[in-house]
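Where a number appears in this text, it was derived from the coordinates with a stated rule and is not lab data. The structure displayed is predicted, hence computed values, not measured ones. Every residue, glycine among them, receives a Cβ derived from its backbone with ideal geometry; neighbour counts consider all protein chains shown.
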Amino acid sequence: MSDNSSRMPESLAEIAADFRDSSPQERLQLLLEFSDELPPLPERYAGHLDQLEQVHECQSPLFLVVEVGASPGVAPDDQRVDLFFSAPPEAPTTRGFAGILHEGLDGRTVAEVLGTPDDAPMSFALAEVVSPLRLRGMVAMLSRIKRQTALKSAASATPDAPASTPDASSASRG
Amino acid sequence: MVAVRASLEDMTSSPADQPGATDTTDAKIAAYAHPERLVTTDWLAAQIAAGATGPGTGIVILESDEDVLLYETGHIPTSLKLDWHQDLNDPLTRDYVGAEQFARLMTARGISRDTTVVVYGDKSNWWAAYALWVMSLFGHPDVRLLDGGRAKWVAEGREMTREVPSVPAGGDDAAYPLSARDDAPIRAFKDDVLAHLGKPLVDVRSPGEYSGELLHMPDYPQEGAVRGGHIPGAKSVPWARAAAEDGTFKPRAELEAIYLTEQGLSPDEDVVAYCRIGERSSHTWFVLTHLLGFDNVRNYDGSWTEWGNAVRVPIEK
């Protein structure tokens, strides 16, 4: 647990600590706050869910897309990552997971996002309040975020390669 | 079988004497075999307005959803949450909680043995029906569904709140009595299903799951199986055929046209219903048992996540 926290970006590690320091009932309330505060899609994505990747492991429809910066003079690993999510209000648990990842990873660097441990979602002491089964959705979200970040970072580092949005079917796990 | 009928009659004959009398305001509900198992949003709203609901009163409302946080976003006034996964499942064994834990769950929600419990939830009451079925394993006498569930209540613009009602601290008298779980009448295990082969089985999953094209339910890949298909002889009747557009149950005549006329089921036959983990088939179990008056319907909660992963059980495609 502490090993994971030390490898997470500080912003995400702080959220994890807040959850772990709360009682189970407070953890649910905290998750609800993240759900309430998940930002809506910006105009360029609103109504264009086809440009987002669906995370099929979530029991409710969740779509996400990653943007990797291309600032001149900045090394690929230090480029900024932006995250965008869409999930309906009747799926607050899924929205809460997305809200945590948004708050913790949006605006971080490529290296920080890719360095986030795959099992970071297990560091929030959420298994006992939402069940391990439901937590799999958050694990899947993180793996899609890292995958898109790696792909898009590689694409922008090679100017000739078209920046591609990975399609959901090839990304689903066996 | 005699014992089964007797226990079902005990379960269904008493509600009229309970604090929450049967909802007789709706002709559609009155036509069902056991109208005391279903209430309308109008009826529930009237009970809430009259102050007749809440922990420790005659009527306790429970919300049971797929999404564990949905209750916290807003719920029907005076209701409490009962989560299928966190509350009703044993944390270790794939089974439901035992009598002691069930009594604690009920006591913590201000429910006594003679309380009228009204359950509602998301997804056309899948999880509400599942909670009702689990409460029936413990023989709770009067447990009902809200027709149309959470979606209908919200669509009608009725009041929602984030306020969680407090549960009065009762003495020992207020504690829910230890009630043994009696699985046999309404729950089937894998061996029961093997012994049942040749008799009516209803597969309530999507057509793709039934045919074996899909190894999991659309959008639920984590609940898959290593083999696809269905239990030999099972009829495919997706659960949603029993539900209208607004999530309410279809009228009795329409349900009879599906299950009796089209599928040839008979209310006096032994029927086993299954899906993937037993929640959608709880919905169908409710329809067959309480709306159409079948005497002996069992829900196979192991369902396809057990059958489709079990070694050497027969499968049909």
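Could you count how many Lys pairs in the protein assembly as shown have their Cα atoms under 12 Å apart, skipping same-chain pairs fewer than 8 positions apart?
The result is 4.
Trypsin sites (Lys or Arg not before Pro) within the stretch B:133-210: which are DSSP loop residues with at most 14 other Cβ atoms inside 10 Å?
Values: sites: B:Arg144, B:Arg150, B:Lys152, B:Arg158, B:Arg162, B:Arg181, B:Arg187, B:Lys190, B:Arg205; in loops: B:Arg158, B:Arg162, B:Arg181, B:Arg205.
For trypsin sites (Lys or Arg not before Pro) across the stretch B:133-210 that sit outside H, G, I, E and B with at most 14 neighbouring Cβ atoms in 10 Å, the list reads B:Arg162.
Evaluate the charge dipole of the stretch B:7-154 about its Cα centre and quote only its size in Debye, nearest 20, assuming +1 on the Cβ of each Lys and Arg and -1 on the Cβ of each Asp and Glu.
It works out to roughly 120 debye.
On a full-extension model of 0.36 nm per residue, what is the gain between B:Glu245 and B:Arg312, subtracting their alpha-carbon distance, rounded to one decimal in nm?
Extra length available between B:Glu245 and B:Arg312 comes to 20.1 nm.
Taking beta carbons within 10 Å but only from partner chains, what does the mean come to for residues B:62-69?
6
Can you bin every Cα-Cα distance in the protein assembly as shown into 10 Å intervals starting at zero and give me the percent of pairs per bin, rounded to whole numbers?
4, 18, 27, 24, 16, 8, 2, 0, 0
Simple spin-label model, 7 Å along Cα-to-Cβ: A:Ala70 to B:Gln101 in nm?
Roughly 5.4 nm, to one decimal.
Which helices pass in chain B if a helix is a full DSSP H run, must span at least 15 angstrom along its long axis by Cα, and must have mean Kyte-Doolittle hydropathy not below 0.5?
Going by DSSP H runs, the hits are B:126-137.
Name the long-range amide H neighbours of B:Arg298: under 5 Å, sequence gap of 5 or more, or other chain; modelled H, no Pro or chain starts.
Under 5 Å from the amide H of B:Arg298 lie the amide H atoms of B:Val271, B:Val272, B:Ala273, each far enough along the sequence or on another chain.
If you take every DSSP beta bridge whose two residues both sit in chain B, what share of them, in percent to the nearest 5, is antiparallel? Please list the in-between numbers first.
Details: 5 of 30 bridges.
Restricted to chain B, the bridges split so that about 15 percent are antiparallel.
Could you pull the Cα extents of chain B along its three principal axes, largest to smallest, in whole Å?
Principal axes ranked by extent give 53, 43, 41 Å for the Cα atoms.
Given points 7 Å out from each Cα along the Cα-Cβ axis, report the A:Gln25 to B:Arg162 separation in nanometres with one decimal.
Each label point lies 7 Å from its Cα, and together they span 1.6 nm.
Quick one: check the C-alpha center-to-center distance for the stretch B:78-119 versus the stretch B:247-280, whole angstrom.
27 Å
Below 8 Å, C-alpha to C-alpha, sequence gap of six or more: please give me the relative contact order for chain A in percent.
The value is 30 percent.
Hey, rough spin-label estimate for A:Asp77 and B:Lys199, points 7 angstrom out along Cα→Cβ, what's it come to in nanometres?
6.7 nm
Work out the charge dipole of the protein assembly as shown with +1 on the Cβ of Lys and Arg and -1 on the Cβ of Asp and Glu about the Cα centre, then indicate which of B:Pro238, B:Thr289, B:Ile29 is farthest towards its positive end.
Toward the positive end, the furthest listed residue is B:Pro238.
Mind checking the mean number of beta-carbon atoms from other chains within 10 Å of the Cβ atoms in A:135-141?
On the way: counts 0, 2, 1, 0, 1, 2, 0.
Mean inter-chain Cβ contacts per residue within 10 Å come to 1.
Starting from the Cα coordinates of the stretch B:70-112, work out the convex hull volume and express it per residue in Å³.
Normalising the Cα hull of the stretch B:70-112 by residue number yields 77 Å³.
When DSSP assigns beta bridges and you keep just the ones with both residues in the protein assembly as shown, what percent turn out antiparallel, to the nearest 5?
35 percent
Quick one: the Cα spread of chain A along its three principal axes, in angstroms, biggest first?
51, 34, 33
Could you give me the ³J(HN,Hα) list for the stretch A:117-122, computed from phi with Karplus coefficients 6.51, -1.76, 1.60 and θ = phi - 60°, whole Hz, x at Gly and Pro?
For the stretch A:117-122, the Karplus curve yields x, 4, 9, 3, x, 7 Hz.
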